[in-house]
Amino acid sequence: MMLEKFIPSLHLHTIYDIDLDKLQSKGIKGVITNLDNTLVEQDSTYANEQLTSWLQKIRDREMKVVIVSNNRELRVSSFARPLGIPFVYEARKPWGHPFSRALKLLHTTSRDTVVIGDQLLTDIVGGNRSGFFTIWVDPISEKEGWPTKVNRFIERQIYSYLKKKGYMPWDDHL
């Protein structure tokens, strides 16, 4: 099926619903995550206490994290550097090169790394194309720029079609 690249391996409502112990037991050593509307709202400058705790739980399991974002360097670096997280900015997801760069930063492979994001058209398609286990989460906020709003419109059409055909067996998402 042509649309299979849009089907995430797993859908959860938030990053906090991810069972980190289960990921670790499956041999996951690396986490590639989107920033805006996945970890925090797009205008949040810093990580809140809940996110900081979640990131520490990942580190406690000896897993590594890298942020891969289509946003600009200043936005991504000002968020990631205080947390000590490496990052790839202006990533141009869904194309494959930012995922390859992330793997080099993590020193992992696509087999032992997950991709987490809130957009089918960028995070999930990009992760699936590169052979990752992909986790699609609901966007944290509806506050988004116009390019993302266009993506969301297209995503709703794709999601509705795939849901109708039985390829998205989760609760209604969009």
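The values are calculated or read from the model by the stated rules, or taken from the named source; none is laboratory data. Since the structure is predicted, the reported quantities are computational estimates derived from the model, not experimental observations. Counting neighbours? That spans all protein chains shown, and the Cβs are built from the backbone with ideal geometry, glycine included. These accessible areas exclude ligands, DNA and RNA; they are computed on the full protein's heavy atoms, side chains included. Shrake-Rupley method; radii C 1.70, N 1.55, O 1.52, S 1.80 Å.
Things worth noting here:
- Of the set (1) of a type outside the set (S, T, N, Q); (2) more than 25 Å from Gln157 (Cα to Cα); (3) in a loop (DSSP other than H, G, I, E, B), all apply to Ile58 but (3).
- In the condition set (1) open to solvent by 20 Å² or more (accessible area, probe 1.4 Å); (2) under 19 Å from Tyr46 (Cβ atoms); (3) at pLDDT 95 or above, Ile85 is compliant with all but (1).
- Residue among Glu49, Glu41, Glu62 that is of a type outside the set (Phe, Trp, Tyr) and closer than 27 Å to Trp146 by Cα: Glu41
- Restricting attention to the range 66-85, the residues being in contact with a Lys or Arg (Cβ under 8 Å, 6 or more places away or on another chain) and not hydroxyl-bearing (Ser, Thr, Tyr) number 2.
- Spans of helices (runs of 4 or more DSSP H) in the range 61-130 with at least 1 residues under 15 Å from the mean Cα position of the chain (by Cα) and touching a residue at least 60 places away in the same chain (Cβ under 8 Å): 97-106, 125-129
- Taking (1) out of contact with any helix residue (DSSP H, G or I) (no Cβ under 7 Å at 6 or more places or on another chain); (2) farther than 20 Å from Leu51 by Cβ; (3) open to solvent by less than 50 Å² (accessible area, probe 1.4 Å) in turn, Ser160 satisfies each apart from (3).
- Residues in the range 2-37 that are farther than 22 Å from Lys104 by Cα and touching an Asp or Glu at 6+ places or on another chain (Cβ under 6 Å) were compared, and the one that is most open to solvent (accessible area, probe 1.4 Å) is His13.
- Lone qualifier among Ser78, Ser110 - being among the polar types (S, T, N, Q) and touching a Ser or Thr at 6+ places or on another chain (Cβ under 6 Å): Ser110
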